[in-house]
Amino acid sequence: MINKKLGERTFAFLSPPSVLASACVGGKKEGEGPLRGEFDILNEDSFFGMETWEKAESEMQRLALSEALKKADMASPDFVFAGDLLNQCVGSAFGLRGSGIPFFGVYGACSTMAESLILASMAVDGGFASNAAAMTSSHFCGAERQFRFPLEYGGQRTPTAQWTVTGAGAVIVGESAAPPYITRFTSGRIVDAGIRDANNMGAAMAPAAYDTLSAHFNDTGRAPDYYDLIVTGDLGALGSELLRELFSDGGGPRLGKNYTDCGLLIYSRGNADKPNRFAAGKTAESGDQDVQAGGSGCGCGASVLAGYILRAMKKGRLERVLFAATGAMMSSLSAQQGESIPSICYAVSIENHA
């Protein structure tokens, strides 16, 4: 057996799979943000023509996968690895029913895009598939109903709260000589900082991001400045600042100007954000979108990766990206029982040169 392991938790693909195609779908608020031009499909209707928000989320996944397959000139992938935030991942399962595509359900909360991308790439690199799709989604209204309060309640959101993105992203990886390539990944492990506030996910997930990113740098011998872009998803304003502090206090490498967060890229927070060179020249029509600490949800990292990041890589604007998606492994029941919020982070290295 060929050993692909680097260090403690990082693995290198022997035959790095290529990103064949990607597509992303967003809602009205996402279409008002700084990345509106990076979406394949935007819909003003939060129901996406469906009867419920949950059915709308399934429709978003169906649209994202259909658009990605169209770009790849492919009828169907060998496998789909997909998940979402809804109970029992019904957004993914219902979206794929009737498709006839072999399906692996994945739950990593907001880290699902990175987790599913790793698994799809492992299937291709391991010779189990010639191609595979990684996909996930979230819906603001569905997430609020499940994890917080129904919208009719009209509760006031705290400054540390994040706005769940109404969006979906699909990435198809496969055997090809064309970049970009999925070259390495660092596996996540559960990290629990004892945070119990479900309206402060950034603080809960930042330690997991630090744990995984530190392992990646140690295992690979790469410094943070090796990458053109290091992007987490989705720590928001508070969590990304905490992550910077953890690296500053940890005695190891520090995160520089090449680090940002998907939750800061997807919405405009007015003057609350420091200037972000990755969103330079892209301003929201509505100015401050009133999203508190920024975006979150499975669809946040998925749509930013499948749209803005991978398009920038295919155009040569970015050559080496480290995508580190974070997830809060909680449920509405565990929150009601006063449990702390265990978190996880998976890191995926995507490069234009294998």
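For this structure, a couple of remarks:
- Among the residues making up segment 16-35, those that are surrounded by 20 or more Cβ atoms within 10 Å (Cβ to Cβ) and either over 20 Å from the mean Cα position of the chain (by Cα) or in a helix (DSSP H, G or I) (or both) are Pro16, Lys29, Glu30.
- Filter pass, Ser76 being farther than 20 Å from Val171 by Cα, surrounded by fewer than 17 Cβ atoms within 10 Å (Cβ to Cβ) and either touching a strand residue (DSSP E or B) at 6+ places or on another chain (Cβ under 8 Å) or not assigned by TED's automatic domain parsing to the domain that holds Arg311 (or both): no
- Any hit, segment 136-143, residues being at pLDDT below 95 and over 25 Å from Met205 (Cβ atoms): no
- Ala120 at pLDDT below 90, crowded, with 17+ Cβ neighbours inside 10 Å and not in a loop (DSSP other than H, G, I, E, B): no
- Condition check for Glu38: under 19 Å from Leu85 (Cα atoms) and buried (at least 17 other Cβ atoms within 10 Å of the Cβ): no
- The number of residues in segment 321-339 being more than 17 Å from the chain's Cα centre (by Cα) and at pLDDT 95 or above comes to 0.
- When Asp228 is tested against the conditions (1) more than 30 Å from Leu14 (Cβ to Cβ); (2) acidic (Asp, Glu); (3) surrounded by fewer than 24 Cβ atoms within 10 Å (Cβ to Cβ), the lone failure is (1).
- The set of residues from segment 339-354 being β-branched (Val, Ile, Thr) and in a strand (DSSP E or B) comprises Ile344, Val348, Ile350.
- Segment 45-62, residues that are farther than 18 Å from Thr164 by Cβ and surrounded by fewer than 17 Cβ atoms within 10 Å (Cβ to Cβ): Gly49, Glu51
- Close pairs (9 angstrom Cβ cut-off, 6 or more residues apart or separate chains): in contact (Cβ under 8 Å) with a residue 24 or more places away in the chain in segment 117-131, hydroxyl-bearing (Ser, Thr, Tyr) anywhere: Leu117/Tyr346; Ile118/Ser187; Ile118/Tyr346; Val124/Ser15; Val124/Ser18; Val124/Ser130; Asp125/Ser15; Asn131/Ser176
- Enumeration of residues in segment 200-225 that are crowded, with 20+ Cβ neighbours inside 10 Å, more than 21 Å from Ile341 (Cα to Cα) and aliphatic (A, V, I, L, M): Ala215
- Within segment 164-266, helices (runs of 4 or more DSSP H) holding 2 or more residues that are free of Cβ contacts under 8 Å to residues at least 12 places away in the same chain: 236-249
- Qualifying position, being hydrophobic (A, V, I, L, M, F, W, C) and over 18 Å from the mean Cα position of the chain (by Cα), among Phe13, Phe81: Phe13
- Members of segment 90-107 found to be in a loop (DSSP other than H, G, I, E, B) and either surrounded by fewer than 23 Cβ atoms within 10 Å (Cβ to Cβ) or assigned by TED's automatic domain parsing to the domain that holds Ile344 (or both), listed by number: Arg97, Gly98, Ser99, Gly100, Ile101, Pro102, Tyr107
- Asn258 being at pLDDT 90 or above and in contact with a Gly (Cβ under 8 Å, 6 or more places away or on another chain): no
- When segment 193-216 is filtered for residues that are farther than 21 Å from Ile266 by Cβ and within 20 Å of the chain's Cα centre (by Cα), the ones remaining, listed by number, are Pro207, Tyr210, Asp211, Thr212, Ser214, Ala215, His216.
The values are calculated or read from the model by the stated rules, or taken from the named source; none is laboratory data. Note that the structure is a prediction, hence the values are computed from the model and not measured. Virtual Cβ from ideal backbone geometry, glycine too; neighbours counted across all protein chains shown.
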